[in-house]
Every structure is written in structure tokens, then in C-alpha cells.
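Engineer: Could you have a look at this structure, given as C-alpha cells, before my questions?
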Amino acid sequence: MRSTGARALQGVVGVSGDKSISHRAVLLAALSREPSKIRGLATARDCRASLRAAERLGAVVLQRDGELQIRGAPELPGGELSVDCGRSGTTMRLLAGILAARKGDSVLLGDPQLLARPMERVALPLREMGAVVGTAPGGRAPLRIRGGRLAGVRYRLPVASAQVKSAVLLAGLWAEGRTVVEEPVPTRDHTERLLAAMGASIEERWEEGVRSIGIGPAQLQGLELEVPGDASSAAVLAAAAALIPGSWVTVRSVSINPTRTAFLRVLAEMGAAVEVGDSAGGAEAAADVTVRHRPLRAVEVGADRVPLLVDELPLLALLATQAEGTTVVRGAGELRFKEVDRISGLVEGLRRLGALVEESPDGFAVSGPVRLRGGAVDSMGDHRLAMVFSLAGLLAEGDVRVAGTEFIGDSFPEFSSVMRSLR
Ligand code: S3P
């Protein structure tokens, strides 16, 4: 992809359904004997892995008039099962929680990029609950799971991870007694919301600043859900509007789940004008979000804010190149364990384009404003870096050539067409 020139972006656009919510809706619907109806499922390539997994779990999946109808099997199937999770970490980790409760042997496989990501974090609590979980050397996938009788545990997350939290809560649906997950720093809460909407006995408590979520065994009811627009795809468009003078963008019907709107709060803190419209509420609320360009100033983000902002931090780095002062992000070491090491990929790419950026073990510092220049950059196969570098191309003085834009489809297949519609 080649992108040049800086022209104001203006328009009202929509984005496809939220990826995180879609993964969960599909996997949870596969666990209910009652029919579920899901509208507006994500087009993100990653979500196909969860649909495949739902079918491997015995669910019947039908697409009808833009609606997905899913009916789960009466029981988790027995015997040997192998599931290819593609490039989707969410599919692999959530599925591990479900398969921990299944009598039989399962193998979770994936693309080489997924096989390089840490899986011990999910294996550990599932072993505590009674499953036998094997990882490859270095605690990586493939995951080999021999599931069966589980016992409820109280588990404090050592790393703030919604995926690990979700795996433990899902295993808790079959465990004897209650399962409690403590999260010292809040992470996205879609699993809890959808489980509650499906009738699970789930409760939230706050003790000395620590959020704990308890769950007991349950038969899930069917789910009826309109998936809100993807908050992280909307963040890309919001960042584009905030970066380019004269721009404004409205994204229709996007997720305003409070665990997904931290980026909008940071944008406002940096000086952009952010407006959130009215919402009809529901388990997963949606509203129109409008962002307008204003002169930007630097911000500081520490570990307490990172988990609710983690997928948007590469966008923040790009915003920081156009903001007055030095933006510092700390406590974001988790970025090194995403699809690729997003800290080094980001620093390398932005530097090539003339940004003033310093790398630290758990974050980065970016000074601005600077005029970016053209150059060749590599997303290293990461969809979020590919989008950040493509946006950089809108600001740079010369041509920016981004290698690996085909990976954008992992989360936001409509990125190019939506961007074109804004010009
Ligand atoms: C996700 C949680 C986050 C996020 C990922 C999606 C989810 O990962 O980075 O893109 O849907 O639960 P972690 O839970 O590993 O932090």
C-alpha cells in the first residue's frame, strides 16, 4: 500500500462488529442448547477461528439475512478434538478454558505467529482447577489439554489479561464450587457481561481496589445480541481525525463499553474534541462517536491505564508525533507479547519515518510535534502496526510504503475502503 499527502478527512462511517465481543458471542452461544441470534458479527478474519471452534464443539451455525443463528450441542463432545485457531490468541485462550472441562484430549494449533505467543499464563490456572495442560517448549502452543472434573479456585491474575480471565471464568461454568478471578487492574469485561446476559450466576466485588469476579456452574440460556461496532477499529478512524487538521469523523454505533473507551478519554486529554452520542444501553452498549481535530498535547500513561488501552497504544505513539511535548508510556511490557513485539516494531517503523521515539523495556517515549517523512516500513505481520503506519503515510512529506498491509484483515478488513470514503 502507498499513501501520501495530508488532506482533511471528514465523514460519517460505520465499522463491522467488535472483534472481542464477537469471539465471545460465538463461543458462548456454542455452549447453550437454546438457539442464539447474533447480528452484526465481526468481519475480522480472526473471528472465523472462533466460528470453526464453535462447530468443532458440536454447534450448528447458520447465516441467515445478516444474522448468525447458533445452537450448541446438548453436551460438550467427547473423544479427541483438534482445533486450528489460526492467528487468533483470543480463540485459543478462551477455548482452552472450555476444553479444560471436556472429557477427552484436545489439541489447539495455530499459525506460526500464534505458536510463538505465551500460553503458560492460561495453562497455569487451568491446571490448578484440575485439567492436564501441556505446552510446547517455552510455554507456547500447541496446547494439549486433557480435561475432566474441575474444582473452583480463587485465582489472582499475575498479568492483566482479559483472555486469561475469560478462560478461567469459562472453565468455572463446569467446576465444582465457585471460581473467583481477581484482577488487580481491570481488563475488558465482555465475557462477564455476556455470561450474565445468558443467565450465568456471576457476581462482581471490589475489595481494596481489586476487582473480583465469581462464577458457579450454570446451563447457559440462548443469547440475542446486536454486536456494537468495533471499538479498536473506530479508534483508528478517531486517531486519523485527531491527527489531520480540518478533520472530523463520526463512527456510527460503536461499542461504548467503559472497558473499551479509554482511548477516547486519552484523545480528549490530548486536546481532541470527542463527543459520544446517546445509547440505548443493553449488555453491550453502542453509540455514535465523533472526533474532531484540535492541536494535540503530550500525555503520560502508566501501568494502571495500560490494560484498557493496550490495543490502542500504537495509535497513541503516532498521535504523540504530532503532539506538543513528550508522551511517555510505561508498564506496557505486554505489548511485546501481542501478534508481534509491538514495542520494537513500532519504534523501528516510526523512527524510519523521522519520529523522535525512544524504546524502553516496558514502553516508549515520543516527542513532538515533528514532520514525518516518507520511507519503507514493515508491519512484521501485525494488523495494528500496519494500520498505524498507513495513517503515518497520510501525514508524511514523502511516500510511505507499508509492507504487510494484508494482515489488516485480521481485525479491520474494511480499513482501506472506509478510509477512502472519508476523503
Ligand atoms: C483481548 C484481550 C487483549 C487484547 C486482545 C483482545 C480479548 O489481550 O490485546 O487484542 O478479546 O480478550 P490480553 O487479554 O492478552 O491482554
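Engineer: If a residue has to be within 16 Å of the ligand (Cβ to nearest atom), assigned to a loop (DSSP other than H, G, I, E, B), free of Cβ contacts under 8 Å to residues at least 40 places away in the same chain and not hydrophobic (A, V, I, L, M, F, W, C) to count, how many in segment 323-353 make the cut?
Structural biologist: The first filter runs over segment 323-353 and keeps only residues within 16 Å of the ligand (Cβ to nearest atom), leaving 329, 331-343, 345-346.
Checking the rest, the ones that are also assigned to a loop (DSSP other than H, G, I, E, B) come to 331-332, 338-341.
Among the residues that remain, those that are also free of Cβ contacts under 8 Å to residues at least 40 places away in the same chain are: 331-332, 341.
Pick out the ones that are also not hydrophobic (A, V, I, L, M, F, W, C) and you get 331, 341.
Matching residues across segment 323-353 total 2.
Engineer: Before we move on, is PHE389 part of a strand (DSSP E or B), within 23 Å of the chain's Cα centre (by Cα) and either within 16 Å of the ligand (Cβ to nearest atom) or of a type outside the set (Ser, Thr, Tyr) (or both)?
Structural biologist: no
Engineer: Just to be sure I understand, how many residues within segment 92-134 are touching a strand residue (DSSP E or B) at 6+ places or on another chain (Cβ under 8 Å) and more than 14 Å from ILE145 (Cα to Cα)?
Structural biologist: Adding up the residues that qualify gives 6.
Engineer: Considering only segment 92-113, I want to know if a residue exists there that is farther than 28 Å from GLU414 by Cα, more than 16 Å from the ligand (Cβ to nearest atom), under 22 Å from the mean Cα position of the chain (by Cα) and assigned by TED's automatic domain parsing to the domain that holds ALA162. Show your work before the answer.
Structural biologist: Pass one, segment 92-113, residues farther than 28 Å from GLU414 by Cα: 96-108.
With more than 16 Å from the ligand (Cβ to nearest atom) added as a condition, the list becomes 99-107.
Narrowing the set further to residues that are under 22 Å from the mean Cα position of the chain (by Cα) leaves 99.
Subset that is assigned by TED's automatic domain parsing to the domain that holds ALA162: 99.
Yes: one or more hits.
Engineer: Of everything in segment 255-286, what is aliphatic (A, V, I, L, M) and either in contact with a Lys or Arg (Cβ under 9 Å, 6 or more places away or on another chain) or at positive phi (or both)? Give them in sequence order.
Structural biologist: If the condition is that a residue be aliphatic (A, V, I, L, M) and either in contact with a Lys or Arg (Cβ under 9 Å, 6 or more places away or on another chain) or at positive phi (or both), then ALA262, VAL266, MET270, ALA272, ALA273, VAL274, ALA283, ALA286 are the ones that fit.
Engineer: Let me ask something else. Since ALA53 meets every condition but one in (1) touching a residue at least 12 places away in the same chain (Cβ under 8 Å); (2) open to solvent by 50 Å² or more (accessible area, probe 1.4 Å), which condition does it not meet?
Structural biologist: Exception for ALA53: condition (2).
Engineer: Among the residues of segment 161-179, write down those that are of a type in the set (Val, Ile, Thr) and within 8 Å of the ligand (Cβ to nearest atom).
Structural biologist: Listed by number, the list holds a single entry, VAL164.
Engineer: Sticking with this structure for a sec: What are the residues in segment 115-128 that are aliphatic (A, V, I, L, M) and without any contact (Cβ under 8 Å) to a residue 40 or more places away in the chain, if any?
Structural biologist: LEU115, ALA116, MET119, ALA123, LEU124
Engineer: Next question. Please indicate, with yes or no, whether at least one residue in segment 215-234 is surrounded by 22 or more Cβ atoms within 10 Å (Cβ to Cβ) and polar (S, T, N, Q).
Structural biologist: Keep residues of segment 215-234 that are surrounded by 22 or more Cβ atoms within 10 Å (Cβ to Cβ), which gives 215, 223, 225, 227-234.
After this cut, where a residue has to be polar (S, T, N, Q) as well, the list is 232-233.
Yes, that holds for at least one residue.
A quick yes/no check of all residues on (1) away from the ligand (no atom under 16 Å from the Cβ); (2) buried (at least 23 other Cβ atoms within 10 Å of the Cβ):
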{"site": "GLU128", "(1), (2)": "yes, no"}
{"site": "GLY134", "(1), (2)": "yes, no"}
{"site": "GLY139", "(1), (2)": "no, no"}
{"site": "GLY147", "(1), (2)": "yes, yes"}
{"site": "ALA151", "(1), (2)": "yes, no"}
{"site": "VAL159", "(1), (2)": "no, no"}
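Engineer: Scan segment 271-311 for residues that are closer than 18 Å to ALA235 by Cβ, within 16 Å of the ligand (Cβ to nearest atom) and either assigned to a loop (DSSP other than H, G, I, E, B) or open to solvent by less than 10 Å² (accessible area, probe 1.4 Å) (or both) and jot them down.
Structural biologist: Scanning segment 271-311 gives GLU284, VAL301, ARG305, VAL306, PRO307, LEU308, LEU309.
To keep it simple, each residue is scored yes or no on (1) within 16 Å of the ligand (Cβ to nearest atom); (2) in a strand (DSSP E or B); (3) more than 21 Å from SER32 (Cα to Cα).
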{"site": "VAL181", "(1), (2), (3)": "yes, yes, yes"}
{"site": "PRO186", "(1), (2), (3)": "yes, no, yes"}
{"site": "THR191", "(1), (2), (3)": "yes, no, no"}
{"site": "LEU194", "(1), (2), (3)": "yes, no, no"}
{"site": "GLY199", "(1), (2), (3)": "no, no, no"}
{"site": "GLU203", "(1), (2), (3)": "no, yes, no"}
{"site": "GLY214", "(1), (2), (3)": "no, yes, no"}
{"site": "GLN219", "(1), (2), (3)": "no, no, no"}
{"site": "GLY222", "(1), (2), (3)": "no, no, no"}
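Engineer: So if I check each of ARG384, ARG336, which one is open to solvent by less than 30 Å² (accessible area, probe 1.4 Å), assigned by TED's automatic domain parsing to the domain that holds GLU312 and under 21 Å from the mean Cα position of the chain (by Cα)? Break it down stepwise before answering.
Structural biologist: Numbers: ARG336 fails: open to solvent by less than 30 Å² (accessible area, probe 1.4 Å).
After ruling out the rest, the residue left standing is ARG384.
Engineer: Evaluate segment 189-198: report whether one residue or more is over 17 Å from SER255 (Cβ atoms) and modelled with pLDDT under 95.
Structural biologist: Checking segment 189-198: not a single residue is over 17 Å from SER255 (Cβ atoms) and modelled with pLDDT under 95.
The values are calculated or read from the model by the stated rules, or taken from the named source; none is laboratory data. Keep in mind that this is a model prediction, so the values were computed, not measured. Reconstructed Cβ throughout: ideal geometry from the backbone, glycine too, with neighbour counts over all protein chains shown. With ligands, DNA and RNA removed, areas are computed over all heavy atoms of the protein, side chains included. Shrake-Rupley method; radii C 1.70, N 1.55, O 1.52, S 1.80 Å.
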